[in-house]
Amino acid sequence: MTKLINNSAARLNPCLKEQDQSYNCLDKNNYDHEKCQVYFDNYNICKKFWGQVYRDRKAKGIHPFLPDIEEREKIRMEHLNMNK
């Protein structure tokens, strides 16, 4: 079955993929949270990263505060390259 993508949800939640992975893990593991901790950690890291991006852009007056979907991979890669 093909999964439908809600573009509004993807636009508003840059961690939608990580969220879905967490939910899928819970479904597959009978809601045993311990088995899905890696997915929860990944989701939390994602939320912290994009929350910081949002705050930085807001402080600098860059609109939109949360980058468009098309810009996100570039921003993520720039951050990874700065932290090497």
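Quick notes
- Test: residue in segment 38-47 that is within 10 Å of the chain's Cα centre (by Cα) and among the charged types (D, E, K, R): yes
- Annotation: of all residues in segment 1-57 being of a type in the set (Phe, Trp, Tyr) and part of a helix (DSSP H, G or I), the one that is surrounded by the fewest Cβ atoms within 10 Å (Cβ to Cβ) is TYR23.
- All positions within segment 58-67 that are among the charged types (D, E, K, R) and either surrounded by 13 or more Cβ atoms within 10 Å (Cβ to Cβ) or not in a helix (DSSP H, G or I) (or both): LYS58
- Output for segment 11-67, where each listed residue is over 18 Å from LEU80 (Cβ atoms) and hydrophobic (A, V, I, L, M, F, W, C): LEU12, LEU16, CYS25, LEU26, CYS36, VAL38, PHE40, ALA59, ILE62, PHE65, LEU66
Every number in this text was worked out from the coordinates using simple rules, so none of it is lab data. A quick note: this is a predicted structure, and the numbers were derived from the prediction, not measured. For neighbour counting, all protein chains shown are included, and Cβ atoms are generated from backbone atoms with ideal geometry for every residue, glycine included.
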